[in-house]
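Structure, as structure tokens:
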């Protein structure tokens, strides 16, 4: 470019790095960011209702890093004596039934009653990329801004039942932080997506009117586990269909043997968008709580759940230790190759690996 040619591009004199910032200050900030709180610091923060420490602790227990396990166990142990003081509600339903909208409306109703609500939402993970959108905070715009609410989305990964691997521990931490109502939202409904039932006090199944699964639902074990069924989106032209669905599900529930704790599952209709029937659902849950506590089933059920999760934890640990074993890793590749070459069967290969 010729020297005398005019241009709008000019090089301005800048400022030196020393004028912009102090190197030592940046290093101090970086050190503070990298410094991880101790288990005692996390415990104290959680017991004082510090949401940041609660989030950090949940991230810690969700970590798959073996080095974090000891620290996570210390935090859970330190919070255990302050847990078990809430009502735990599981909410499930097929995709599109309006779980997020329902939970937001339901949660806002509870906070208006001065309840402290923690929502542990489980987002489905891709089986290919293992990634999750974790969009529940985006979907629950009003509830996420509520000072008495805490929303924690977690990836389902490969967990059985669509429940995040450490959801049970997260419940304990939320209770220790002062949340008296724990809501667990699952990925959806299916034959195996019932793990949530083993960690909640009340199990609510959301259904849609006119979806064609009123009778199909009878085949699913999920119906048998439900303490109540809510026909959601009962608004506008859907109101009539919702009433019909309510009657059909009510008849279906009577095909099952009665619960052993004096509770007959109920069917209700609601509209999360129009905030109709939401308060009735909460009244029903309180009635359920009173009923099962009077028969001592409430504590009995929680004790049974703890035993179940003891066995589950042992199984998960054994599975993890088995596949992390270097000898197993090496021989597993060989056995997979032999199966591919049709020189062994999956059962014979499994027997060989288990005997190592």
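Coordinate-derived values only; no laboratory data. This structure is a prediction, so every number in the text was calculated from the model and none was measured. Quick reminder, even Gly has a Cβ in these numbers, built from the backbone with ideal geometry, and neighbours come from all protein chains shown.
A simple spin-label model places pseudo-atoms 7 Å from Cα toward Cβ; at residue 237 and residue 279 they are separated by 3.1 nm. Between residue 356 and residue 307, full extension at 0.36 nm per residue minus the direct alpha carbon distance yields a gain of 14.7 nm.
Would you please report the Å³ per residue occupied by the convex hull of the alpha carbon atoms in the range 36-82? Write out the running numbers ahead of the final one.
Numbers: hull volume 2.9 nm³, N = 47.
Taking only Cα atoms, the range 36-82 has a hull volume of 61 Å³ per residue.
Three principal axis extents of the range 307-354 based on alpha-carbon atoms, in descending order, are 42, 20, 13 Å. Which FRET efficiency, nearest 0.05, do residue 252 and residue 68 yield, Cβ-Cβ r, R0 56 Å? Efficiency computed from Cβ-Cβ geometry: 0.80. For the range 244-307, the relative contact order comes to 27 percent (Cα pairs under 8 Å, sequence separation of at least 6).
Compute the FRET efficiency between residue 293 and residue 83 as 1/(1 + (r/R0)^6), taking r as their Cβ-Cβ distance and R0 = 25 Å, and round to the nearest 0.05. With R0 = 25 Å, the Cβ-Cβ based efficiency is 0.90. Pair-distance distribution of the range 237-356: all C-alpha pairs, bin width 5 Å, starting at 0; shares per bin in whole percent are 2, 8, 10, 10, 10, 8, 7, 7, 7, 9, 12, 8, 1.
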